[in-house]
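Have a look at the structure below before the remarks.
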Amino acid sequence: MLDYLLEKNKKNNNFYTSGGIAVYVKDPLANGLDMEKIMQFIERKIPKKFLSEVEMVVVAHLKDFDERNINAMYENGCLYITPDQDDEADLIDDVIHEISHSLEHPYYNEIYADGELEAEFLNKRRELRNILWDHGYKTQINFFLNMEYDVEFDNFLLNIVGYDKLAMLMQGMFISPYAATSLREYFASGFTEFFMHPDHKLLKSVSPVLYEKLKNLYTTD
Ligand SMILES: [Zn+2]
């Protein structure tokens with residue numbers, strides 16, 4: 001019985017996926033989540049061409065996560081994920097989100113070069129500013145027209161307005177409060193939504209340009 005329990009609790013923390021991604025679970029995942037199972041699911045759900053940039057996945061507590069108030073990041077072929085995950089969906093969401101960042105460079109032309117995604121994003125930012133203005137958040141327009149990540153803007157949305165309130169005010173404009181953070185996060189949130197909700201209903205109606213781009217990326221070789 002003891003042997004059986006030991007065997008059962010012994011999760012593989014260092015393995016290769018069937019698609020050849022090296023996975024290292026340095027710090028154990030919360031809530032008994034099984035990284036092998038999650039990676040299997042991801043490799044079935046995400047087309048192989050979208051996984052070509054990812055060489056390694058590391059599950060670990062990183063200082064960067066606390067300092068920058070994030071729970072995952074992508075850098076040079078490696079995807080870093082926090083072990084603090086609520087459930088399988090939470091973890092899958094984080095992995096797919098970071099996979100999307102790995103694709104921004106190789107698919108730069110398809111995603112960004114024609115400026116259409118930027119235009120969709122900026123229209124939404126202007127609209128959001130007007131709504132927030134009406135609710136007493138009076139800010140300079142330039143604050144909303146910077147598409148790059150800006151820690152001050154991030155803090156404004158997250159802590160000054162707050163995501164709960166924001167989620168209500170931006171309904172039908174952004175698929176989530178985080179999608180308003182920067183153009184890159186707008187893309188990443190849409191990419192994640194595309195695979196998490198395959199009916200694409202919300203994405204299609206809220207972000208038609210982004211949806212078309214993702215559909216084209218998905219269907220062309
Ligand atoms: Zn991101």
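Figures for the structure shown
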item: Unique residue being in contact with a Phe, Trp or Tyr (Cβ under 6 Å, 6 or more places away or on another chain) and among the β-branched types (Val, Ile, Thr) when the list is VAL54, VAL58; result: VAL58
item: Qualifying residue in the stretch 179-198 (condition: more than 16 Å from the ligand (Cβ to nearest atom), modelled with pLDDT of 95 or more, over 17 Å from the mean Cα position of the chain (by Cα) and over 18 Å from HIS101 (Cα atoms)); result: no
item: Any pair with Cβ under 9 angstrom, 6 or more apart, that starts in the stretch 62-80 at a residue that is within 13 Å of the ligand (Cβ to nearest atom) and ends at one that is of a type in the set (Gly, Ala, Ser) and not in a helix (DSSP H, G or I); result: PHE65/ALA72; LEU79/ALA72; TYR80/ALA60; TYR80/ALA72
item: Failed item, numbered, when LEU214 is tested on (1) touching a helix residue (DSSP H, G or I) at 6+ places or on another chain (Cβ under 8 Å); (2) closer than 17 Å to GLU127 by Cβ; (3) more than 14 Å from the ligand (Cβ to nearest atom); result: (2)
item: The stretch 82-109: number of residues that are in a helix (DSSP H, G or I) and of a type in the set (Phe, Trp, Tyr); result: 1
item: Out of LEU158, LEU122, sole residue that is within 15 Å of the ligand (Cβ to nearest atom) and among the aliphatic types (A, V, I, L, M); result: LEU158
item: Contacts under 7 angstrom Cβ, first residue in the stretch 145-160 being among the charged types (D, E, K, R), partner not in a helix (DSSP H, G or I), 6 or more apart; result: GLU148/SER182; ASP154/THR181
item: Test: residue in the stretch 22-37 that is assigned to a loop (DSSP other than H, G, I, E, B) and either under 17 Å from the mean Cα position of the chain (by Cα) or within 15 Å of the ligand (Cβ to nearest atom) (or both); result: no
item: Pair list, Cβ under 9 Å, 6 or more apart: the stretch 174-197 residue in contact (Cβ under 8 Å) with a residue 40 or more places away in the chain, other residue within 9 Å of the ligand (Cβ to nearest atom) and among the charged types (D, E, K, R); result: ALA188/GLU98
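Rundown of residues vs (1) in contact (Cβ under 8 Å) with a residue 60 or more places away in the chain; (2) among the hydroxyl-bearing types (Ser, Thr, Tyr); (3) surrounded by fewer than 13 Cβ atoms within 10 Å (Cβ to Cβ), yes/no style:
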position	(1), (2), (3)
LYS37	no, no, yes
ILE42	no, no, no
LYS48	no, no, yes
GLU55	no, no, no
HIS97	yes, no, no
SER100	yes, yes, no
GLU104	yes, no, no
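This table checks each residue for (1) touching a Cys at 6+ places or on another chain (Cβ under 9 Å); (2) at negative phi; (3) modelled with pLDDT under 95.
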| position | (1), (2), (3) |
| --- | --- |
| GLU7 | no, yes, yes |
| ASN12 | no, yes, yes |
| VAL25 | no, yes, no |
| GLU43 | no, yes, no |
| LYS48 | no, yes, no |
| VAL57 | yes, yes, no |
| ALA60 | no, yes, no |
| PHE65 | no, yes, yes |
| MET73 | no, yes, no |
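The values are calculated or read from the model by the stated rules, or taken from the named source; none is laboratory data. Quick caveat: nothing in here was measured; it's all calculated off a predicted structure. Please note: Cβ atoms are built from the backbone with ideal geometry, for glycine as well, and neighbour counts cover all protein chains shown.
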